[in-house]
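Colleague: Dropping the structure in here first, questions after.
The values are calculated or read from the model by the stated rules, or taken from the named source; none is laboratory data. The model shown is predicted, which means the values in this text are computed figures rather than measured ones. Cβ: placed from backbone, ideal geometry, glycine included. Neighbour counts: every protein chain shown.
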Amino acid sequence: MTALTFGTVARHGRGWLPLIGLTAMVSSAVTLALPSVLGHSVDAIVAGADYGRWFTIAAALIVTGIICSLIDTFAGTACVAGTTAWLRHRLVGQVVRGGPEGSREFDTGDLVSRVSGNTSDAAQAGPAAVTTVAAMAPPIGSLVLLAVIDPWLAVAFFGGVILVVGVLFVFARRTAEISLAYQETQGRISALLTESLTGLRTIASAGTTAREERRILGFLPELHKHGLETWKVLARSGAQAAIVGPLVLVAVLAVGGLQLVDGRITAGELFAASQYAVLGAGLGGLTGVIGEIARARAGVQRAAEVFAIDSVVHGTLPLPPGPGRLTFDGVTVATADAVLLENVHLELPGGATVAVVGPSGAGKSVLASLAARLRDPSVGQVLLDGVPLPAISRQALRTAVGCAFERPTLVGTTVGDAISHDAVGPVRTLAAARATHAHDFVSRLPDGYFTPLPKAPMSGGERQRLGLARAWPAQRLLVLDDATSSLDTATEMQISKTLTEDRHRRTRLIVTHRTATAARADLVVWLDVGRVRAVGPHQELWQDASYREVFG
Amino acid sequence: MRRELRYGVEALRKRPTLKLALWSVPDILPTAIYGVAVAHATDNFLAGHAWQGIAWLGGLVATACLGAAGSHQVYGRLGDLVEPLRDDLVRRVVGGALRTGDDAAVARLNRQVEIVRDTFAGLVLVIRNFAVTLFGVLVGLLSLAPLVAAFVVPPFLVGFALSLAVLGMAADRVRASLQADEELATASGMTFGGVRDIAATGAEEFAEKLVGRPIEAQAAAERSLAKVAALRTLCFAVGGWAPLLILLAAGPWLVGRGISTGTLLGGLTYVLIGLQPALNTVMGALGDSGLRYVITLGRILDSAAPVVTPRPVDEVNGYQLRLRGLTFAYGPSADPVLEDLELTVAEGEHLVVVGPSGIGKSTLAGLVCGMLAPTSGRVLLGGVPPSEVPVERLAATRVLIPQEAYVFSGPLMENFTYLLPDATISEVTQAVEAVGAARLVERLGGFGARVRPDDLSAGERQLIALVRAYLSPAPLVVLDEATCFLDPEAERRAEEAFAARGGTLIVIAHRISSALRARRILVLDGNKAAIGNHPTLVRNSPLYRELLGHWQPGGDQIQPAS
């Protein structure tokens, strides 16, 4: 895969770019020509000669400008919208296909802002590149034309600019403090509201809603006061703009007027000069054009970092028939600054229940994620029924192996979606939900399995039950990474009973902190600081005092 | 949309609006004088009167200073209009959140209220500027040459009217675009937060589709907005360019009727420097800020306080509790949480409710306390349905302490006397002693100490809530897992204090040990229930035996979930 650059993004809209560039050029030319043409028209009117020609030119210019603006609206939007969508699809694919390790270094919120915000900035790359020169033309060109009409006009223009700077300097005041005080008061009100919302059940049952309301709104007069301050600041800058506005124009008109008196320019030229002065004042806006390119560049950069995530490569092999034998063959997992697992050799028989225990930081979750191929070892390999996991096709792997987590993230629009995405049918969803006791609470939601996820507030235990139901259909290996820790003991007991009496005889790898779970397992893998300390039945290991310590 | 506009118009209170309008008068002067000054200056320069020309331009700067004074006042008056509007919105959001429990309210308070504040101010300002410009240009043109005004103003007004018509078309598209934006953020947030889970379930294609849909919707919304933008360009052509061309076309005829060169230039200046920017700004502001104002304000108004159903019953006789055929479900198509429950709790009884988590124990507490109304069957508290008694009156009969204890930032004493504001020090001291909170009070620095909920552990917050409930005048106490973060010994002490307090005690149990302290136990199992004392239940209820089995003291089940 080639890296994402400004050029690649710009080229994606290549069908539109010539058109966008052309209309921008024509628009700029129209903008620059119009004041002169209008001036000549006026002179022609006064002179009573050649009037028709100038009027026709002026009308043609204006119509051309309108047409350019129409074309630019459609072409620009089509180009940017298309490029944005393309970038977004690609980035989402890149994150999703990169697996959990691929996007480990990115925060979720950061990724969201890259996909929703930065891509639309980046998509401006093409149009910004082709329109920059055109956008710079009017302000710079009008200064040139001003000087062409009469050099003194350009001098007057800069004199006006100096006056403006002077006025701005006089008015400059510090304004940051006021808006800070406003935001702080606002924060205080939010904090009180947040606090009351946590105690909503108490407040509602005590009938003290009105009292809480008064308490929270106690800060409102202060907010009001700070709010009025912010308007005073604005008032100052508003007054400033009203004075500064005409300064440059007046300077050019005054100097131009004197030239007119001397007969060096015509009335039409004076008018053109005044318009060029207005256009030239747009010089300050040039930073905006350059800013757009810089923003596009930054957007491309931010998108490129996501683009660079490597996709997880899956093999093409199906899985041969087998009992679900899981093998760790000399497995080491190392990151830049730590060794998480070191030289792990394990041969776990098919159909067995295997508990993984150890103090926190022992590498239990790393072992679980290796078994589910949510990450790959740095050294060694993990095999399922003799086939290395990376050689198995993605579909075969995910049909065979299921994984449930301590804190599952539910993905989908409805609760049913979150249990089963691929529409295997309500029967299998229902069977999985019943086996994991998720059905008990899902059936009581307002719309059952069709309840939208945001409308189904769930406790940690309820989420875990959905996470279990999601992993349940796995055919050969079920990995449970502390996946029942938030369940109450009665439910946990019932689920482990279902697990133990599993009709499909799947291999079960269960990371746990609970003695009871370890005691029911056929085999316990005891991990300590990244190494296998011992493997054996719970009753045997229990003789060891340091093993008992693992359970507190 | 009508509701939002009406709200905005009603926010324009008389006095500040009048002041704003009056201070706009000096603001009109520079706009009005612009073209006139250019016209007279040009004519003077043409006639060779250099100093008169310069004087006209000087006059322009002078009126600009006058206008600046006006602008200054206008912004100040704008604050008098906008700040009360913001106050009202904050009141609505806070009031609504406290009545609906909507967690999104905090974000609404910070973001949406500010958006409405800014866009409302922006709209008032832009519309005022538009009116000032239009008025100023009109005055200037009329004083310059009424004929010129007759050529310029009508097409301008037509263009403006057309752009208002386009606005209606834009509203739905802007809304669609905003919605697609939000959906994209939600779907991508969900997907990026769940990459691990997506990989583990092989749901890559599903996730791509989940985010893909809003991506396409967003692109479609942008393309359809382009059509509106094109229409706006055409409106601008009518309102901004047509007056210019008409004036030029009529130029020779006007000059023939004695209009000077300067006047013609003045007319062009009014169009290019006055009318065109004003039209551009007002079209942009209405199309962007205006729609954002309507949509955001609509969200705030929608989320305001719900209509409260009246609670007509005013008399509660005693506090005996009776449940008759009580059934409750969270929706018409949802399975019932409780079904056909029969139970009587006499005054002074001590009942414990046990069952697996999520079985409906808290729902039962809510029904008993009148927070929820039964789907069918009856709840009678003191002979009347509690869901029909005003909450303030109900608070004198029953007190509910939920699992998530409420402590607010403020003096400890105020937290204690929340339900009995005129409690005496000795009453509070006695309650603190009884519940076992004396050591906590001492640690925090006495009754006067200020507390912040974030500085307290969950258990400490529960102790404070327990003291508060103990002080409450209500004879019926419902503890809904209110002691779950206390250690078993502290829990025992608190429960015993409430049992000895007099009145009825209903404990929704977190630990089975609570059941051993009660005379009667209600076991909830699915939507079935069993009731009896400990020995009977051990004999008759398999679930009770199971719960008892796993919760033996000393077993690993009492460990907090890790």
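Colleague: Can we say B:Leu142 is hydrophobic (A, V, I, L, M, F, W, C), touching a helix residue (DSSP H, G or I) at 6+ places or on another chain (Cβ under 9 Å), in the same structural domain as B:Asp288 (by TED's automatic domain parsing) and free of Cβ contacts under 8 Å to residues at least 40 places away in the same chain? Please lay out each step first, then the result.
Modeller: Details: hydrophobic (A, V, I, L, M, F, W, C): yes; touching a helix residue (DSSP H, G or I) at 6+ places or on another chain (Cβ under 9 Å): yes; in the same structural domain as B:Asp288 (by TED's automatic domain parsing): yes; free of Cβ contacts under 8 Å to residues at least 40 places away in the same chain: yes.
Yes; evaluated as a whole, the condition is true for this residue.
Colleague: How many residues does region A:87-102 contain that are closer than 21 Å to B:Arg213 by Cα and facing chain B (nearest Cβ under 7 Å)?
Modeller: 7
Colleague: Here's a follow-up. Considering only residues of region A:103-146 that are under 18 Å from the mean Cα position of the chain (by Cα) and more than 24 Å from A:Thr83 (Cα to Cα), which is farthest from the other protein chains (Cβ to nearest Cβ)? First the steps, then the outcome.
Modeller: Taking region A:103-146 first, the residues under 18 Å from the mean Cα position of the chain (by Cα) are A:103-124.
Cutting the leftovers down to more than 24 Å from A:Thr83 (Cα to Cα) gives us A:104-105, A:107.
Values: A:Arg104: 9, A:Glu105: 12, A:Asp107: 9 Å.
Only one residue fits best here, namely A:Glu105.
Colleague: Follow-up. Only residues that are of a type in the set (Ser, Thr, Tyr) and within 30 Å of B:Phe130 (Cβ to Cβ): list them for region B:201-249, please. Reasoning before the result, please.
Modeller: Let us first name the residues in region B:201-249 that are of a type in the set (Ser, Thr, Tyr), namely B:201, B:224, B:233.
Correct list: B:Ser224, B:Thr233.
Residue by residue, here is whether (1) facing chain A (nearest Cβ under 7 Å); (2) under 30 Å from A:Leu228 (Cα atoms); (3) in contact (Cβ under 8 Å) with a residue 40 or more places away in the chain; (4) outside any helix (DSSP H, G or I) holds:
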{"residue": "B:His40", "(1), (2), (3), (4)": "no, no, yes, no"}
{"residue": "B:Gly53", "(1), (2), (3), (4)": "yes, no, no, no"}
{"residue": "B:Gly59", "(1), (2), (3), (4)": "no, no, no, no"}
{"residue": "B:Arg77", "(1), (2), (3), (4)": "no, yes, yes, no"}
{"residue": "B:Gly95", "(1), (2), (3), (4)": "yes, yes, yes, no"}
{"residue": "B:Arg99", "(1), (2), (3), (4)": "yes, yes, yes, no"}
{"residue": "B:Ala107", "(1), (2), (3), (4)": "no, yes, no, no"}
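Colleague: Among the listed residues A:Arg11, A:Arg53, identify the single one that is under 30 Å from A:Arg97 (Cβ atoms), in a helix (DSSP H, G or I), among the charged types (D, E, K, R) and out of contact with any strand residue (DSSP E or B) (no Cβ under 8 Å at 6 or more places or on another chain).
Modeller: Details: A:Arg53 fails: under 30 Å from A:Arg97 (Cβ atoms).
After ruling out the rest, the residue left standing is A:Arg11.
Colleague: Now for a different question. Is it the case that some residue within region A:244-262 is in a helix (DSSP H, G or I) and more than 11 Å from every other protein chain (Cβ to nearest Cβ)? Walk me through how you get there before you give the answer.
Modeller: Of the residues in region A:244-262, the ones in a helix (DSSP H, G or I) are A:244, A:247-261.
From what is left, the residues that are more than 11 Å from every other protein chain (Cβ to nearest Cβ) are A:248.
The answer is yes, given that some residue of region A:244-262 is in a helix (DSSP H, G or I) and more than 11 Å from every other protein chain (Cβ to nearest Cβ).
Colleague: A further question on this structure: Check region B:136-144 and report whether any residue there is surrounded by fewer than 19 Cβ atoms within 10 Å (Cβ to Cβ) and hydroxyl-bearing (Ser, Thr, Tyr).
Modeller: Looking through region B:136-144, at least one residue is surrounded by fewer than 19 Cβ atoms within 10 Å (Cβ to Cβ) and hydroxyl-bearing (Ser, Thr, Tyr).
Colleague: Could you check region A:38-49 and list, in sequence order, the residues that are among the β-branched types (Val, Ile, Thr) and crowded, with 21+ Cβ neighbours inside 10 Å? Even if it seems obvious, please write down each step before you answer.
Modeller: Step one: of region A:38-49, the residues among the β-branched types (Val, Ile, Thr) are A:42, A:45-46.
Hits for region A:38-49 are A:Val42, A:Ile45.
Colleague: Got a sec? Which of A:Val278, A:Val331 is in contact (Cβ under 8 Å) with a residue 24 or more places away in the chain and farther than 30 Å from A:Asp43 by Cβ?
Modeller: A:Val331
Colleague: Right, here's the next one. Inside region B:400-466, counting only helices (runs of 4 or more DSSP H) that do not spill past its ends, which hold 2 or more residues that are within 27 Å of B:Lys361 (Cα to Cα) and touching a residue at least 24 places away in the same chain (Cβ under 8 Å)? If you could, list the steps in order and put the result at the bottom.
Modeller: Working: elements: B:412-416, B:425-435, B:438-444.
Once the helices (runs of 4 or more DSSP H) in region B:400-466 are filtered for at least 2 residues that are within 27 Å of B:Lys361 (Cα to Cα) and touching a residue at least 24 places away in the same chain (Cβ under 8 Å), what remains is B:412-416, B:425-435.
Colleague: Another question about this same structure. I need the full set of residues from region A:47-86 which are touching a residue at least 12 places away in the same chain (Cβ under 8 Å), of a type outside the set (A, V, I, L, M) and more than 22 Å from A:Ala129 (Cβ to Cβ), in order please.
Modeller: A:Trp54, A:Phe55, A:Thr64, A:Gly65
The rows are residues; the columns are (1) part of a loop (DSSP other than H, G, I, E, B); (2) under 22 Å from B:Glu495 (Cα atoms).
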| site | (1), (2) |
| --- | --- |
| B:Glu347 | yes, yes |
| B:Leu351 | no, yes |
| B:Ile359 | yes, no |
| B:Ala365 | no, yes |
| B:Pro374 | yes, no |
| B:Arg393 | no, no |
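Colleague: Would you mind listing the helices (runs of 4 or more DSSP H) fully within region A:410-491 where at least 1 residues are within 27 Å of the chain's Cα centre (by Cα) and at the interface with another protein chain (Cβ under 9 Å from one of its Cβ atoms)?
Modeller: Numbers: elements: A:415-419, A:426-435, A:439-442, A:460-471.
Counting at least 1 such residues, we get A:415-419, A:460-471.
Colleague: Still on this structure: If the requirement is being over 30 Å from B:Leu184 (Cα atoms) and either surrounded by 18 or more Cβ atoms within 10 Å (Cβ to Cβ) or in contact with a His (Cβ under 6 Å, 6 or more places away or on another chain) (or both), which of these qualifies: A:Leu374, A:Leu341, A:Leu410?
Modeller: Answer to the check: A:Leu341.
Colleague: Right, another one. Confirm whether B:Pro402 is surrounded by fewer than 20 Cβ atoms within 10 Å (Cβ to Cβ) and in the same structural domain as B:Lys361 (by TED's automatic domain parsing). Lay out the reasoning, then the answer.
Modeller: Values: surrounded by fewer than 20 Cβ atoms within 10 Å (Cβ to Cβ): no; in the same structural domain as B:Lys361 (by TED's automatic domain parsing): yes.
No: the conditions fail for B:Pro402.
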